Every structure is written in structure tokens, then in C-alpha cells.
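Single-structure report; data block below.
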Amino acid sequence: MTKPTLAFHRRHRLLGLIFGLSGLFAMPALAASPVFDNPAGGNPIGGMSVYKAFHEQPGIDRVIDDSVDRWVADPRISKRFEGRNLVRLRLELKAQVCYLVGGPCAYAGKDMKAAHAGMGLENLDFNALAEDLQLAMNKEHVPFPAQNRLLAKLAPMQRAIVTK
Ligand code: HEM
């Protein structure tokens, strides 16, 4: 794996803070949270600029395929994916990310709570998955502001996905 750069570490600390804070402040708003109202886990980013920064659907497809490849090879989380339907996972994630970044897609998969029910996922799983996704976005040369817009959409989903 590529050695993380100093910039990556700095940004990672910032994202850790965003993820941590979202956890602290999301609690009172849970009942009305888009994480639960919308199966995709949130409402889409407005406009097409972030979708374009991801290089549209082909870029999103590359980011998701590379992310899933990293997850199944990542010793921290690989066991979570054993025996799972990865074809379906890739398809649903491509639609979900396209939808969230403002692309012309609909997400028809399970809501985030149902999709991860019974898996006993922990914060460590969530953070490892997000780190691998960042590496995949870097490889696709998605500009950092657009990466952060997507990560900010994913962060509040932690409360629906992490149950341990
Ligand atoms: C923001 C973070 C995450 C998002 C956006 C996300 C999104 C999704 C989506 C869209 C699906 C497919 C739902 C469907 O089949 O209808 C799914 C399933 C799955 N996710 Fe996640 N996920 C996240 C975090 C995680 C984490 C942290 C893990 C484990 C390390 C994980 C492991 C899985 C597995 C194994 C499945 C397949 C379940 C099955 O159908 O057998 N996910 N996820």
C-alpha cells in the first residue's frame, strides 16, 4: 500500500474530528435525521459540480470498484466481507454514491441500518473503510473539496451502521 503522506495524516485528523463531532451532535437530531428518512442515508448534494469532480458515473464506478478491492484485502476489515454478495454491494454503492454526490441516479437498496443489521460493526471498521475509500478517491484524482463533501455525507451514517 502507498505510504500515507503528511498531508494525508493532517487531513485524516481533521476528518476524525468531523466524524467525532458528528457523532456528538447528531444525537438530538436523530428522530428527524435524513439518515433514517432516506434509504440512501442522506439527501444529495445540490448541483452537478461534485458529481463532475468524481468524473461522473465512470469515475464513481472506478472509485467503488477500487474501494471494494481494498476492503476485501484490508486485514482490518476483510473478514466482514467474507461470504457476502459483493456484486450487489458494488452495484448498490455505485448508485448510492452517484445519488449522494448529485448525479442522475436513484438508490433502491436497503437503508443503512437494515443493510448492516446483525454485523456488529465497530468504529474501527467504519474508520478503516473510510480510509480505504479516501485512497481510492486519491487514485481517481478526485479533488479534496469534493472528497470531503462525500465524506461529510457518509459521516452521519456511522450512527446507523456502527452498533457496537
Ligand atoms: C458510510 C459507510 C457505509 C456505506 C455508505 C455503506 C453502504 C452499503 C450499501 C449501499 C450496501 C448494500 C445495501 C443493499 O444490499 O441493499 C452495504 C452492504 C454491506 N456493507 Fe456497507 N456501508 C458502509 C459501511 C460499512 C462498513 C464499515 C462495513 C464493514 C467493514 C460494511 C460492510 C458491508 C457488507 C459486508 C455489506 C453486504 C451485506 C450483505 O448484503 O450481505 N459497510 N453497505
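Observations on the model:
- Scanning region 45-62 turns up at least one residue that is more than 17 Å from the chain's Cα centre (by Cα), at pLDDT 55 or above and among the hydroxyl-bearing types (Ser, Thr, Tyr).
- Region 113-136 residues that are under 14 Å from Arg70 (Cβ atoms) and modelled with pLDDT of 95 or more, paired with ones that are in a helix (DSSP H, G or I) and among the hydrophobic types (A, V, I, L, M, F, W, C) (beta carbon under 7 Å, 6 or more apart): Leu129/Trp71; Ala130/Leu151; Ala130/Leu154; Asp132/Trp71; Ala136/Val63
- Ile60 falls short on exactly one of the conditions (1) touching a Lys or Arg at 6+ places or on another chain (Cβ under 7 Å); (2) more than 24 Å from Ile45 (Cα to Cα), and that condition is (2).
- Any chance Ala155 is away from the ligand (no atom under 11 Å from the Cβ), part of a helix (DSSP H, G or I), on the phi < 0 side of the Ramachandran plot and touching a residue at least 12 places away in the same chain (Cβ under 8 Å): no
- Scanning region 66-87 for residues that are of a type in the set (Asp, Glu) and surrounded by fewer than 14 Cβ atoms within 10 Å (Cβ to Cβ) yields one hit, Glu82.
- Residue match in region 127-146 (condition: within 9 Å of the ligand (Cβ to nearest atom) and of a type in the set (D, E, K, R)): no
- Selection of region 104-119 for residues being near the ligand (Cβ under 8 Å from one of its atoms), crowded, with 16+ Cβ neighbours inside 10 Å and assigned to a loop (DSSP other than H, G, I, E, B) yields Tyr107, Gly109, His116.
- Taken together, the residues in region 57-85 that are charged (D, E, K, R), more than 9 Å from the ligand (Cβ to nearest atom) and touching a residue at least 12 places away in the same chain (Cβ under 8 Å) amount to 5.
- Ala26 fulfils the conditions (1) modelled with pLDDT of 75 or more; (2) out of contact with any Asp or Glu (no Cβ under 8 Å at 6 or more places or on another chain) except for a single criterion, (1).
- In region 120-152, of all residues being assigned to a loop (DSSP other than H, G, I, E, B) and charged (D, E, K, R), the one that is surrounded by the most Cβ atoms within 10 Å (Cβ to Cβ) corresponds to Glu140.
- When region 86-103 is filtered for residues that are more than 6 Å from the ligand (Cβ to nearest atom) and part of a helix (DSSP H, G or I), the ones remaining, listed by number, are Leu86, Val87, Arg90, Leu91, Lys94, Ala95, Val97, Cys98, Tyr99, Leu100.
The values are calculated or read from the model by the stated rules, or taken from the named source; none is laboratory data. Note that the structure is a prediction, hence the values are computed from the model and not measured. In this analysis, Cβ positions are derived from the backbone assuming ideal geometry, glycine residues included, and neighbour counts consider all displayed protein chains.
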